[in-house]
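The values are calculated or read from the model by the stated rules, or taken from the named source; none is laboratory data. Predicted model, so just to flag it, every value in this text is computed and none were measured. In this analysis, Cβ positions are derived from the backbone assuming ideal geometry, glycine residues included, and neighbour counts consider all displayed protein chains.
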Amino acid sequence: MSSTVHAELGAAADAIGRYRSRVSGLIESLGPNTEDLATAMYEAERALLSAERLLIRAEKLSR
């Protein structure tokens, strides 16, 4: 496999991880009466975590 592919997958996984952390931090700062927003953000956080894990898996497979 190309070292470029490996590096790009790692960079993408890192970026997704940072976005997931940002979303998580925003959830913690929500005020009262934001249940629907919090639910949507938790769903987005879970999707980002899944994407991060899949990219890490792909990175490992690209070695």
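Annotations
- Tabulated pairs, the range 33-54, first under 14 Å from Arg22 (Cα atoms) and without any contact (Cβ under 8 Å) to a residue 12 or more places away in the chain, second of a type in the set (Ser, Thr, Tyr) and part of a helix (DSSP H, G or I), C-beta under 8 angstrom, 6+ apart or interchain: none
- The set of residues in the range 16-41 that are under 27 Å from Arg57 (Cβ atoms) and surrounded by 13 or more Cβ atoms within 10 Å (Cβ to Cβ) comprises Ile16, Gly17, Tyr19, Arg20, Val23, Ser24, Leu26, Ile27, Met41.
- Candidate set from the range 28-63 (those that are of a type in the set (Gly, Ala, Ser) and more than 17 Å from the chain's Cα centre (by Cα)); member that is nearest to Gly10 (Cα to Cα): Ser62
For (1) β-branched (Val, Ile, Thr); (2) touching a helix residue (DSSP H, G or I) at 6+ places or on another chain (Cβ under 6 Å); (3) at pLDDT below 95, each residue gets a yes or a no:
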{"site": "Ala12", "(1), (2), (3)": "no, yes, no"}
{"site": "Ile16", "(1), (2), (3)": "yes, yes, no"}
{"site": "Pro32", "(1), (2), (3)": "no, no, yes"}
{"site": "Arg57", "(1), (2), (3)": "no, no, no"}
